[in-house]
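Working notes for the structure below.
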Amino acid sequence: MMLLPQAAAQPWTLTWEANLGPGYITTTPLVDEEHVYVRTSGFWTGEERPEVLAFSHDGEQRWTYRSETTTQHDMAPLMKVEAGSGPCGAWPDLLLIGWADGSFTSLHPSNGTLHWKTNSTVDGWGITGASLVDGDRIVVPTRTGLMRLCLSTGAADFHTELGKGWRNGVTLHDGAYWLGDEAGRLWAVETNG
């Protein structure tokens, strides 16, 4: 066996950092060609509130979207969707965000402005799990079930009541949306609701 010489370990160097104040960075940062998107949750001890921030790849803060109404630590993963169209309409590039207060927002990733917003049932908290894009719709696991929204407008084409969920993501297989709940049940909801 022949041993190859090891390359000298290169020291890490910090390119940039941002202090986002008290609270947590609660989800994996999302990176695209232009931005790094970061989600925070505050401690609610002062004026801090959960936010989504966009930074350039060089660390310059470009915009902030702040939720004044969310009530718990926001943990639903951020999701970016490219512009497109389908039977329910056309949409631009979108940054999709589920919030613990039950709201689901669609932002313009270039500037952080609101494209549309809808609400779901809250029972202690609202949306905490990963959503799923299905064609021209977004399927959102809510606290009490599942809702499907049109990407162009945020209009719901169905909402199904199931067991209570926390951090419950949704997946699609064989014509059904699958998700679990806190009672250990696995649910399959047909794509027609």
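The values are calculated or read from the model by the stated rules, or taken from the named source; none is laboratory data. Just so it is clear, the model here is predicted, and its values are computed rather than measured. Note that we place each Cβ from the backbone using ideal geometry, even for glycine, and neighbour counts take in every protein chain shown. Heads up: the accessible areas ignore ligands, DNA and RNA and are worked out on the full protein's heavy atoms, side chains in. Shrake-Rupley method; radii C 1.70, N 1.55, O 1.52, S 1.80 Å.
Each residue in the stretch 158-171 was checked for being open to solvent by 70 Å² or more (accessible area, probe 1.4 Å) and either in a strand (DSSP E or B) or free of Cβ contacts under 8 Å to residues at least 12 places away in the same chain (or both), and 3 of them qualify.
When restricted to residues that are touching a residue at least 24 places away in the same chain (Cβ under 8 Å) and either open to solvent by 80 Å² or more (accessible area, probe 1.4 Å) or not in a loop (DSSP other than H, G, I, E, B) (or both), the stretch 11-21 contains 2.
I'd like the full set of residues that are assigned to a loop (DSSP other than H, G, I, E, B) and under 24 Å from Thr144 (Cα atoms), limited to the stretch 85-101. Walk me through how you get there before you give the answer.
Going residue by residue through the stretch 85-101, those that are assigned to a loop (DSSP other than H, G, I, E, B) are 87-88, 92-93, 99-101.
Matches in the stretch 85-101: Trp99, Ala100, Asp101.
Residues in the stretch 22-74 that are open to solvent by less than 80 Å² (accessible area, probe 1.4 Å), part of a loop (DSSP other than H, G, I, E, B) and of a type in the set (D, E, K, R): how many? The number of residues fulfilling the criteria is 4.
Looking at Gly154, Gly184, Gly135, just one residue is touching a strand residue (DSSP E or B) at 6+ places or on another chain (Cβ under 8 Å), at positive phi and open to solvent by 50 Å² or more (accessible area, probe 1.4 Å), and that residue is Gly135. Do we have Gly124 as more than 30 Å from Gly184 (Cα to Cα) and exposed (fewer than 14 other Cβ atoms within 10 Å of the Cβ) here? Taking the combined requirement at face value, the residue does not satisfy it. Against the test of being modelled with pLDDT of 95 or more and not hydrophobic (A, V, I, L, M, F, W, C), the options Gly102, Gly84 yield a single qualifying residue, Gly84. Of the residues making up the stretch 102-121, those that are outside any strand (DSSP E or B) and crowded, with 20+ Cβ neighbours inside 10 Å are Gly102, Pro109, Ser120.
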